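Taking it in order: structure first as structure tokens, then the write-up.
The values are calculated or read from the model by the stated rules, or taken from the named source; none is laboratory data. What you are looking at is a predicted structure, and each value in this text was computed from that prediction instead of being measured. Here the Cβ is made from the backbone with ideal geometry for all residues, glycine too, and neighbour counts use every protein chain on show.
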Amino acid sequence: MFNSKISRILSILALFLLIGLFVWFIILPFVAIGPGYPSPEYLKTWYIPSGVHGYRIGETGSPSPIFPALSQYSEYANYTRRKSDDRYLISEWYFDDRKEFLQAEAVLYQYLKEHGRLSTVQLNISEELKIIDRGLMYGPATFNATKYESEMTSGYFMTYKDIFGPDNYFIVYHGSMGLVNLSNQTQFLKTLIADSYPSGPRVMVGGLNE
């Protein structure tokens with residue numbers, strides 16, 4: 001009788017443990033994270049990978065040497081592709097206020113219009129996501145992005161919204177450095193985009209608004 005009660009208690013404890021682990025690892029990542037966590041200092045590098053297969057990371061820092069200082073929470077990193085002289089840039093700006101995000105988006109769009117050529121394109125990174133599959137639920141594999149071409153850099157701007165809940169916004173740029181034919185570089189840029197692409201059911205991905 002005593003052993004039977006102990007067994008039932010242990011079974012109940014084991015059940016609660018399993019439920020706790022399920023909530024911690026499966027549910028919490030997709031539940032809105034409260035203000036201040038993760039911290040803006042941490043989030044400013046959220047979509048800048050420290051290492052990508054086939055690429056070497058070089059200089060990093062803040063603010064971006066090419067684009068306006070849109071946010072105090074920003075970072076950039078330079079990459080080179082192995083067995084190639086091609087150079088790449090990933091820049092990220094993080095915002096925890098919708099008004100500041102919209103203002104920065106407008107400032108950036110005007111700056112890009114004055115310094116290069118802009119257009120809206122549709123990107124599909126489904127094949128790239130398959131290659132780096134980590135068992136995560138990614139955002140949409142096909143999405144609109146803002147194509148930017150200039151003499152200094154050419155690439156794609158994207159916005160990621162409400163990843164952790166309301167009021168968190170990212171502007172992310174993936175581009176090639178120098179005067180390049182962007183169509184020849186798009187495949188490599190899609191690899192960089194996929195490597196740091198957001199996961200979770202809340203993901204909202206798009207290009208820049210004017």
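Computed values, structure above
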read-out: Filter result for the condition that a residue is of a type outside the set (S, T, N, Q), crowded, with 18+ Cβ neighbours inside 10 Å, closer than 26 Å to Leu102 by Cβ and modelled with pLDDT under 95, over Tyr197, Tyr148, Tyr173, Tyr156; value: Tyr197
read-out: Residue in the range 84-104 that is touching a Leu at 6+ places or on another chain (Cβ under 6 Å), in contact (Cβ under 8 Å) with a residue 12 or more places away in the chain and aliphatic (A, V, I, L, M) present; value: yes
read-out: The range 39-63, residues that are farther than 20 Å from Tyr197 by Cβ and outside any helix (DSSP H, G or I); value: Ser39, Arg56, Gly58, Glu59, Gly61, Ser62, Pro63
read-out: Enumeration of residues in the range 58-87 that are farther than 19 Å from Leu179 by Cβ, surrounded by 15 or more Cβ atoms within 10 Å (Cβ to Cβ) and at pLDDT 90 or above; value: Ser62, Pro68, Leu70, Ser71, Tyr73, Ser74, Glu75, Tyr76, Ala77
read-out: Selection status of Gln103, exposed (fewer than 15 other Cβ atoms within 10 Å of the Cβ) and closer than 17 Å to Lys161 by Cα; value: yes
read-out: Selected residue [modelled with pLDDT under 90 and on the phi < 0 side of the Ramachandran plot] from Leu179, Leu136, Leu192, Leu208; value: Leu136
read-out: Members of the range 190-210 that are in contact with a Leu (Cβ under 7 Å, 6 or more places away or on another chain) and not aromatic (Phe, Trp, Tyr); value: Lys190, Ala194, Ser199, Leu208
read-out: The range 40-64 residues that are among the small types (Gly, Ala, Ser), paired with ones that are assigned to a loop (DSSP other than H, G, I, E, B) (beta carbon under 6 Å, 6 or more apart); value: Gly54/Arg82
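Yes or no, residue by residue, for (1) within 17 Å of the chain's Cα centre (by Cα); (2) without any contact (Cβ under 8 Å) to a residue 60 or more places away in the chain; (3) in a strand (DSSP E or B); (4) farther than 25 Å from Gly58 by Cα:
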site: Lys113; (1), (2), (3), (4): no, yes, no, yes
site: Leu136; (1), (2), (3), (4): yes, no, no, yes
site: Tyr160; (1), (2), (3), (4): yes, no, yes, no
site: Gly165; (1), (2), (3), (4): yes, no, no, yes
site: Ile171; (1), (2), (3), (4): yes, no, yes, no
site: Gly175; (1), (2), (3), (4): yes, no, yes, no
site: Gln187; (1), (2), (3), (4): no, yes, no, no
site: Thr191; (1), (2), (3), (4): yes, no, no, no
site: Tyr197; (1), (2), (3), (4): yes, no, no, no
